[in-house]
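Here the structure is laid out as C-alpha cells; the discussion comes afterwards.
The values are calculated or read from the model by the stated rules, or taken from the named source; none is laboratory data. Computed from a predicted model, the values in this text were never measured in an experiment. Every residue, glycine among them, receives a Cβ derived from its backbone with ideal geometry; neighbour counts consider all protein chains shown.
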Amino acid sequence: MSELVTAELLERVRERLADGTAYPDPARVAAALRTEAGGVLADTDLLRALRLLQTEMTGAGVLEPLLHDPDVADVLVTGPDSVWVDRGRGLRRTSVRFPDEAAVRRLAQRLALAAGRRLDDAQPWVDGRLAGTEAAQGDSFGVRLHAVLSPIAHGGTCLSLRVLRPATQGLDALAAAGAVPPDAKALLERIVRARLAFLVVGGTGAGKTTLLSGLLAKVDPAERIICVEDAAELAPPHPHVVRLVARPANVEGAGRVTVRDLVRQALRMRPDRIVVGEVRGAEVVDLLTALNTGHDGGAGTVHANSPGEVPARLEALAALGGMSAAALHSQLAAAIQVILHVHRRPDGRRALREIGLVEPVDGRVRITPAWTADARPAPAASGLKDLLEERLPDDSRE
C-alpha cells in the first residue's frame, strides 16, 4: 500500500461514509477519499484506494466471487484468514483473506443491514435473507445469511452464507446423474401420477429441494401447483406454478409473513397441489389439515436423518401449533402416503436412498421401507404396489 494510502486514511473514509445515509457509490467514495486525504492523493493512489474500499463496501466484498461460483453451496467465515466453501464434496479452505477481524465484523453488519436486520453488541447474532443476485450465467440466486459477533463467537465474528439457487433439475436429469436409479425413477413417476402425498426427508444439503423440484416437473401440466417457501428455492420446470415466499420482520419488528400464513392463503387460491418447500414449524398443522380436506398430491420437505425419525420430528413441530401427538399421528396417517429419503454419499454426491410407506399401527404411524437403494429388505413393497394399482388401475394394466 502506498505511504499516502494508509490504514488510518481508509478507516477515516469508512467512518465518513458510515455517517451518511446515501449508498456508497464510487463517486461518494472518491469524494470521501479526497476530503480525508486533503487533496494530496495522486490518481494512481486514488484508484488503488477506491478499488480497496469498493470491494469491501459493495456486495459481499471479498466473498462475492465465491458466491458467484455456480458450484458453491456454502461460504463460511470463521476468522480473517479462515474462509471455507462447500462445492458439494465437503468443506475446503480457500485463499481468500480479510485484513483483520474488524473487516469481517463490518461485512457481517453491512450484510445484516442489507437483509433488513440489526447486528450489534446488543443483538450479536442475525438470521436473514439477502435479495436475489444475478450470476454470471444469467441465473438468479439468493443468499441466506447467519452471523454471530464476538465475543459471543469466541474466536471472532462467524459468518455463514448459504447460496439459494433455484432447483430446476428434472427427474430425468437426476436419473442421468445417478441420483435416482431407473427402477426408483419409474416408481416415483407412478407416485406423482397417482397423486400420492409425499415428504422428502434428509439432512442439510442432502438434495431434498432438488428431488422435490424434479418430481413437481412430472405433475400434469393442467394442474395448478402452489409452492410455499421460507426462501425461494423451488423452481420446477412446470407451466403452472405459483410461488409464495415468507418474509421476516423488518428492523422495527413489523411486516412479518410466516409460512403458516401463506399455507392458509394457498388454500384460497384454487390449488390442485399444495407444496411446502420446507416444513419447519407450526405450518405442519395447516398442511396436514389441507391434505385431509380434498387437496391430495401435496408435498414438502422435512429435516430428518432417516424415515423412521419423521413421526417424532413432526410431533415436535405439530406441538408448536397446539396439536397433540395423538392428533398428529391420526392426521399424518390420513394425509401422507409416502416418505422419500435422500442422503449425501461419502464422495459428496446426493442420491435417493429409500422410499417408505406410511402405515398406521395401533394409533400411531410407522414408516416401512417399500424400496431401498441397497440390499435391505423392503417389506412394504407390495403395499405400495397395491396402493398405486388402486389409484392407477389403467396404468397397472399397461
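General observations
- Just one residue in the set Gly116, Gly132, Gly128 is touching a Pro at 6+ places or on another chain (Cβ under 8 Å), within 14 Å of Leu145 (Cα to Cα), at pLDDT below 90 and in a strand (DSSP E or B); that residue is Gly128.
- Extreme residue, farthest from Asp74 (Cα to Cα), among residues of segment 146-172 that are at pLDDT below 90 and in a strand (DSSP E or B): Ala167
- Selection status of Ala179, crowded, with 20+ Cβ neighbours inside 10 Å, assigned to a loop (DSSP other than H, G, I, E, B), on the phi < 0 side of the Ramachandran plot and assigned by the TED database to the domain that holds Lys218: yes
- Verdict on Thr293 being buried (at least 20 other Cβ atoms within 10 Å of the Cβ), of a type in the set (Val, Ile, Thr) and either closer than 27 Å to Arg353 by Cα or in the same structural domain as Val242 (by the TED database) (or both): no
- Members of segment 93-114 found to be of a type in the set (A, V, I, L, M, F, W, C) and under 15 Å from Arg129 (Cα atoms), listed by number: Leu107, Ala108, Leu111, Ala112, Leu113, Ala114
- Within the set Asp230, Asp220, the sole residue that is of a type in the set (Asp, Glu) and over 24 Å from Leu388 (Cα atoms) turns out to be Asp230.
For (1) in a loop (DSSP other than H, G, I, E, B); (2) farther than 21 Å from Ala147 by Cα; (3) at pLDDT below 75, each residue gets a yes or a no:
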site	(1), (2), (3)
Met1	yes, yes, yes
Leu17	no, yes, yes
Tyr23	yes, yes, yes
Leu33	no, yes, yes
Leu46	no, yes, yes
Leu50	no, yes, yes
Leu53	no, yes, yes
Arg92	no, no, no
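- Here Gly203 fits the description: surrounded by fewer than 22 Cβ atoms within 10 Å (Cβ to Cβ), under 21 Å from Glu278 (Cα atoms) and small (Gly, Ala, Ser).
- Test: residue in segment 65-78 that is farther than 22 Å from Leu164 by Cβ and surrounded by fewer than 17 Cβ atoms within 10 Å (Cβ to Cβ): no
- When Val83, Val143, Val104 are checked against the criterion of being within 27 Å of Ala249 (Cα to Cα), out of contact with any helix residue (DSSP H, G or I) (no Cβ under 6 Å at 6 or more places or on another chain) and at pLDDT 90 or above, a single residue qualifies: Val104.
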